[in-house]
Amino acid sequence: MHISEGVLSAPVLIAGAVVAAGGVAYGLKRMDGEGTVSAALVTSAFFVASLIHLNIGPASVHLVLNGLVGLVLGWAAFPAIFTGLLLQALLFQYGGLTTLGVNTVVMAAPAVAVSLMLSPLITRKGRMGAVASFGCGFLAVFFSSLLLAAALVFTGENFKVIAWASVIGNAPVMVVEGFFTAFVVSFLRRVYPELLLCLTPEPPQMEERI
């Protein structure tokens, strides 16, 4: 799902960089000390998962885990995914520095979106929570595929075929990510629920004394 350098037009690259910068800044603002540890852990998993990929034109198909990243980090998914993509670009030449902003938005924006949409359902036990967990993994990759396709189409009409191919090519990944996310959420619910942002209890509020 990385877009290579030399493919996108300047307006698309600039728009992606601006949105990514805003998302990273807001994500860092929302991150506390404990969140930094979780971000480091999740960024490592995202970094490793994205190393296994299959090239399709100017993009690539691989495990993304952005739905899981969103569930664990919320808005902090932006700086986490940005860091992972930056390391991949510098160390393995996946994607590139000029497309770093667009690639960050393609993967991080859906991570935050599915977290906001489905977190309330994931807190429920039983079938509803499992279906919502599957949906987070599935929809995160689906939305990412659509954003990637949009970036290609806005660059030029001649990229329409490749744009649709990227969406269709990622269909198996959507299903795999859905089941994988559901499995991980079920596991974390039992052994480490505090890691999931939606299952972390709110700190008790002090009652005001009159």
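What follows is calculated from the coordinates using simple rules that are stated; it is not laboratory data. Computed from a predicted model, the values in this text were never measured in an experiment. For neighbour counting, all protein chains shown are included, and Cβ atoms are generated from backbone atoms with ideal geometry for every residue, glycine included.
Some notes on this structure:
- Stretch in the chain that is longest and holds no trypsin sites (Lys or Arg not before Pro) that DSSP places in a loop and that have at most 15 other beta carbons within 10 Å: 1-123
- The label point for Val18 and the one for Val37, both projected 7 Å from the Cα toward the Cβ, are 3.9 nm apart.
- Among Ala39, Phe179, Gly101 - extreme Cα towards positive end, dipole of the chain, charges at beta-carbon: Phe179
- FRET efficiency, 1/(1 + (r/R0)^6) with R0 30 Å, evaluated for Arg30 and Ser186 via beta carbons: 0.70
- The charge dipole of the chain, taken about the Cα centre with unit charges on the Cβ atoms of Lys, Arg (+1) and Asp, Glu (-1), comes to about 400 debye, rounded to the nearest 20.
- Computed over the chain with a Gaussian network model linking Cα atoms closer than 10 Å, the most mobile of Glu177, Glu157, Glu194 is Glu157.
- By the combined test of axial Cα extent (at least 24 Å) and Kyte-Doolittle hydropathy (mean at least 1.0), the qualifying DSSP H helices of the chain come to 10-30, 33-49, 100-122, 127-155, 171-191.
- Fewest-first ordering of Met117, Met107, Met174 by other beta carbons within 10 Å of each residue's beta carbon gives Met117, Met174, Met107.
- Given the choices (i) 1.03; (ii) 1.63; (iii) 0.97, Cα Rg over 2.2 N^0.38 Å derived from the coordinates of this structure is entry (i).
- Sequence-distant residues sharing a close amide H with His62 (under 5 Å, placed H): Leu54
- Normalised by the number of residues in segment 67-210, the mean separation of alpha-carbon contacts (under 8 Å, six or more apart) gives a relative contact order of 26 percent.
- Most mobile listed residue (Val191, Val24, Val72) in the chain, GNM with C-alpha springs under 10 Å: Val191
- Within a Gaussian network of the chain (alpha carbon springs, distance under 10 Å), most fluctuating of Gly135, Gly22, Gly96: Gly22
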